[in-house]
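We did not get these values from a lab; they are worked out from the coordinates using the rules stated. Note that the coordinates shown come from a computational prediction; the quantities given were computed from them, not determined experimentally. Cβ: placed from backbone, ideal geometry, glycine included. Neighbour counts: every protein chain shown.
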Amino acid sequence: MNKKNTFAPHAIPKTLSQSIYYHLKDAIINNKLKSNQKINEKEIAQLFEVSTTPVREAVLRLGAEGFVTMNSHREAVVKEISYEELREILQVLSILDSSATCLAVDNLSAETLEELEHLTKEMEKSCHIHSIEKYMTLNLDIHKKIWENIPTRFLQANLHYANDQMLRYNYARFYAFRKSGALERSIKEHKEMLDALKNKDKKRLKNLMAKHWGSLLQPSHFEEGLKEYLNNERKEVKIGENIKTQGNTKGSIT
């Protein structure tokens, strides 16, 4: 699998601490830093040619957002992922996104609807296991485009936070999408949601959103694949392994 930086946040860092924060966050999301992997602040400081202060600030922020935790030796490590946590995240997203989409529907311009239709068509073209990364990226783009039109900033912020937590599981979801019919079911639900958005049918939309997220919560669809991934990851990761990086990332995000 090509583990390029597909799901990187589209933010422009303003300080060294923010640059390091996004660099580490991208590495965690893209599975370059794995569960329980130690984050060596001195190594990161040397990589960016800075003191450990901005590194510590970045690590603390990641800890506050649930990406990093402390092990028994009081060392910062990447938080372990679990199927149970993913279910909780999906349950929260189901509730938030169902309400958010219904709030956004009245604010969707004709231009935005055209863009959503284009993204949906592009996603359908990528509805194959060999192009799953592009499919997942387009999927996220569609949801984010809808969220841009939510009139409540607080709800927007919480959706993005919950979504960031789910991004850690995207590579695990690739395993799950190998199951026969999973991708086809997903694109069918997106096409139905697009139709409901165009017709501003809030009742149908709410039911469709609940069904869309609910399908991800069904153990028969995803549990086996997710658990296979998590078991494989635990075998690969050596507890306490130091962060490994590639290339020159001084003052920038790779």
Problem set entry | Label-point separation in nm, residue 207 to residue 158, each point 7 Å along Cα→Cβ | 2.6 nm
Exercise. What's the Kirkwood radius of the stretch 83-232 in Å, using all Cα pairs?
Worked result: 15.6 Å
Seminar exercise, completed: Restricting to aspartates and glutamates and to Cα separations under 15 Å from residue 145, and discarding same-chain partners fewer than 8 apart, the set is 97, 106, 111, 114, 115, 117, 122
Problem set entry | Ranking of 67, 174 by count of other Cβ atoms within 10 Å, fewest first | 174, 67
Exercise. Highest mean first, what order results for 69-80, 85-96 on Cβ atoms within 10 Å?
Worked result: 85-96, 69-80
Exercise. Of 188/211; 32/79; 34/179; 125/202; 121/203, which ones are farther than 18 Å apart at the Cα?
Worked result: 34/179; 125/202; 121/203
Exercise. If we restrict to alpha carbons, what Rg and Dmax does the stretch 16-80 come to, in Å?
Worked result: 10.6, 29
For this session: Arrange the following residues from fewest to most other Cβ atoms within 10 Å of their Cβ: 48, 177.
Result: 177, 48
